[in-house]
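Following: one structure in structure tokens, then a few remarks.
The values are calculated or read from the model by the stated rules, or taken from the named source; none is laboratory data. Predicted model, so just to flag it, every value in this text is computed and none were measured. Counting neighbours? That spans all protein chains shown, and the Cβs are built from the backbone with ideal geometry, glycine included. Note: areas computed on protein heavy atoms with side chains; ligands, DNA, RNA excluded. Shrake-Rupley method; radii C 1.70, N 1.55, O 1.52, S 1.80 Å.
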Amino acid sequence: MCGIIGYTGADDIVRALAGGLEKLEYRGYDSAGIAFAEHGRLRVIKSVGRIALLEEKLADVRTDARCGIGHTRWATHGRPTEINCHPHLSFGKKFAVVHNGIIENCRKLQTLCENRGITPVSDTDSELIAHLLELNYEGDALSAVRRTAAMLEGSFAVAALCSDAPDEIYAFRRSSPLIIGVGKGMCCLASDGCAARAERTYLLGDGQYARLSSRGAEFFSHGKPAAPKRIQTADAGSCERGGYAHFMLKEIHEQPEAAARTIEAVGNRRLRGEVLYLGCGSSYNAALAAIPLTERGTGAEAHAVTAGEFLFSERVNGRGKTAVLLSQSGETADTVAAAEEAKRRGYATVSITNVPRSSLTRACRRNILTHAGPEISVATTKGFTSQAAALAALLTGAEEEDAVRRLPFAIERALGCDGDAKAVSELFASCRTAFFVGRREDCGAAYEGALKLREITYVPAMGLSAGELKHGTISLVEEGTPVVLIHTDPALKDKTLLTAATVRARGGTVIAVTADDEVAAACDFTLRIPFVPPLLSPAVSVVPLQLLAYHAAVRMGRDVDKPRNLAKSVTVE
Ligand code: M6R
């Protein structure tokens with residue numbers, strides 16, 4: 001989603017902002033821009049498309065300015081055009097603004113601006129913030145910020161420049177995160193810790209605002225000085241590719257450690273009673289894959305619903321039940337809204353998320369952290385496996401504790417199929433459609449395998465229960481159609497063998513993901529995984545599927561870490 005960056009200090013502003021924007025690239029965006037004050041005037045440079053295109057425009061820019069703001073935009077209000085791209089200037093060019101979030105009362109604010117003779121030039125809600133700042137300006141930018149923030153409804157993190165104070169940045173936020181870094185002779189701000197690295201970092205409090213200059217940062221709330229919250233941001237290494245061709249590949253290989261840290265952190269906490277899982281995308285898939293384990297662990301029925309659908313479901317009383325909200329980022333708007341809705345319905349709320357002090361942890365009563373470390377690639381990998389590992393740890397009894405502790409080693413061994421996955425990926429790089437099927441816990445993993453392939457290769461891929469294949473979908477299987485068949489439970493072997501035979505009889509190419517020799521022999525190709533107790537297997541069986549999608553995307557020349565149209569965390573409902 002949109003990302004914000006700001007810098008004030010001694011460095012060349014154009015290079016400092018370009019470097020910051022590169023760090024935000026992973027969040028997903030379709031245009032980018034920067035602004036800085038030069039000789040009492042605000043200068044804005046923008047470009048549609050990749051940061052590299054903006055950098056081409058910036059290559060010849062020379063300036064004395066040492067303070068500026070920048071933005072990567074993921075289009076919501078209006079198409080990805082240069083006019084809609086941030087920073088936005090106010091009507092008198094007194095303020096430049098970058099914004100992350102959604103202004104819910106934008107129609108009302110637009111009318112207010114139009115009544116004052118201001119016609120917005122873009123389709124964005126963000127431009128209105130710039131106009132409001134100038135309308136509220138009476139010579140003191142900080143007061144204009146306070147008045148403007150009070151007029152906004154919705155979620156926002158905003159950074160602004162005022163041409164009358166060329167060395168200062170003004171920041172304010174509600175709901176959307178904004179991190180402020182302070183170092184010797186410099187200050188910076190960013191939407192996340194990977195981009196805001198300084199000696200000390202702070203999370204701007206909800207409803208707080210700040211003034212940043214090379215002399216330091218001042219924090220305010222309701223017109224009075226406020227104490228900021230000090231936080232630790234990601235260490236530099238975890239935000240770099242570290243010799244891997246892509247972040248996705250690096251993160252795939254970080255999974256054993258991520259799972260080990262997560263299992264350790266869960267300790268002896270356990271989930272009990274009736275559980276409703278809520279999440280989106282891969283987080284929903286992780287929940288789905290954990291349903292059989294949950295039912296065995298809690299002895300009660302468990303369900304998974306996508307967070308977006310839960311918001312519109314029957315308002316059944318949740319008293320006595322637990323809603324478990326899964327989100328890697330902790331910022332997915334549907335999931336945060338589902339947490340609030342679950343509380344209203346009387347559920348006890350528990351989050352499973354990778355980001356402490358995220359919107360989701362604030363919305364839930366209890367929080368369980370996964371310890372995957374920052375995930376940069378848009379396609380989640382260690383986010384999924386650390387959720388699966390957390391659920392395994394939360395739901396197993398004493399008799400399986402050892403198996404849970406061994407999960408990281410099993411994930412490590414599953415990485416050994418990389419060469420085979422690379423070879424088999426050829427089938428996917430040239431197919432019209434692909435299927436991922438499995439039963440019970442393997443079904444959730446199948447959903448996740450299909451999502452991975454879809455999002456980074458753009459190949460139409462479908463995940464479904466192996467038993468469902470014959471109820472319609474098998475009509476799509478033709479000569480050479482790849483069907484990935486996940487098999488982890490020996491008790492289901494006969495059914496798996498039947499599925500393999502049924503697909504092959506129609507010319508489909510079956511790729512088994514299994515530890516079972518007999519299943520392997522009945523399929524065209526095999527991606528080997530070690531045997532683990534079936535209910536714990538999703539964290540392991542998903543690994544070959546991630547590698548398959550990764551290698552297919554590389555073969556097809558796709559932008560692996562930043563697939564088209566996608567954002568890392570979807571902060572709009
Ligand atoms: O941060 P979250 O886990 O809440 O994100 C949910 C989905 O947006 C996310 O899993 C998405 O499906 C990924 N791109 C999948 O790789």
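Search region 4-20 for residues being among the aliphatic types (A, V, I, L, M) and within 17 Å of residue 46 (Cα to Cα), and hand back the single one that is surrounded by the most Cβ atoms within 10 Å (Cβ to Cβ).
4
Every residue, every condition in (1) touching a residue at least 40 places away in the same chain (Cβ under 8 Å); (2) more than 13 Å from the ligand (Cβ to nearest atom); (3) buried (at least 24 other Cβ atoms within 10 Å of the Cβ); (4) not β-branched (Val, Ile, Thr), yes or no:
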{"position": "265", "(1), (2), (3), (4)": "yes, yes, no, yes"}
{"position": "290", "(1), (2), (3), (4)": "yes, yes, yes, yes"}
{"position": "301", "(1), (2), (3), (4)": "no, yes, no, yes"}
{"position": "314", "(1), (2), (3), (4)": "no, yes, no, yes"}
{"position": "327", "(1), (2), (3), (4)": "yes, no, yes, yes"}
{"position": "333", "(1), (2), (3), (4)": "yes, no, no, yes"}
{"position": "339", "(1), (2), (3), (4)": "yes, no, yes, yes"}
{"position": "344", "(1), (2), (3), (4)": "no, yes, no, yes"}
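Restricting to strands (runs of 3 or more DSSP E) lying wholly in region 472-551: which have 3 or more residues that are surrounded by fewer than 24 Cβ atoms within 10 Å (Cβ to Cβ), touching a Gly at 6+ places or on another chain (Cβ under 7 Å) and in contact (Cβ under 8 Å) with a residue 24 or more places away in the chain?
Because the criterion is at least 3 residues that are surrounded by fewer than 24 Cβ atoms within 10 Å (Cβ to Cβ), touching a Gly at 6+ places or on another chain (Cβ under 7 Å) and in contact (Cβ under 8 Å) with a residue 24 or more places away in the chain, no strands (runs of 3 or more DSSP E) in region 472-551 meet it.
Can you find, within region 346-381, the residue that is nearest to the ligand (Cβ to nearest atom) among those that are touching a residue at least 60 places away in the same chain (Cβ under 8 Å), of a type outside the set (Val, Ile, Thr) and closer than 14 Å to residue 568 by Cα?
Among residues in region 346-381 that are touching a residue at least 60 places away in the same chain (Cβ under 8 Å), of a type outside the set (Val, Ile, Thr) and closer than 14 Å to residue 568 by Cα, the one nearest to the ligand (Cβ to nearest atom) is 379.
Quick check on this structure: which one of 122, 175, 163 is surrounded by fewer than 22 Cβ atoms within 10 Å (Cβ to Cβ), more than 23 Å from residue 22 (Cα to Cα) and either charged (D, E, K, R) or within 22 Å of the chain's Cα centre (by Cα) (or both)?
Going through 122, 175, 163 in turn, just one is surrounded by fewer than 22 Cβ atoms within 10 Å (Cβ to Cβ), more than 23 Å from residue 22 (Cα to Cα) and either charged (D, E, K, R) or within 22 Å of the chain's Cα centre (by Cα) (or both): 175.
Here are the criteria: (1) over 29 Å from residue 371 (Cα atoms); (2) open to solvent by 10 Å² or more (accessible area, probe 1.4 Å); (3) assigned to a helix (DSSP H, G or I); (4) of a type in the set (A, V, I, L, M). Tell me which single one residue 451 does not satisfy.
That leaves (1) as the condition not met.
Any residue that is within 14 Å of the ligand (Cβ to nearest atom), out of contact with any Phe, Trp or Tyr (no Cβ under 6 Å at 6 or more places or on another chain) and open to solvent by 10 Å² or more (accessible area, probe 1.4 Å) - is there at least one of those in region 382-389?
yes
Restricting region 552-567 to residues that are within 14 Å of the ligand (Cβ to nearest atom) and open to solvent by less than 30 Å² (accessible area, probe 1.4 Å), which is farthest from residue 359 (Cα to Cα)?
Checking each candidate, the answer is 553.
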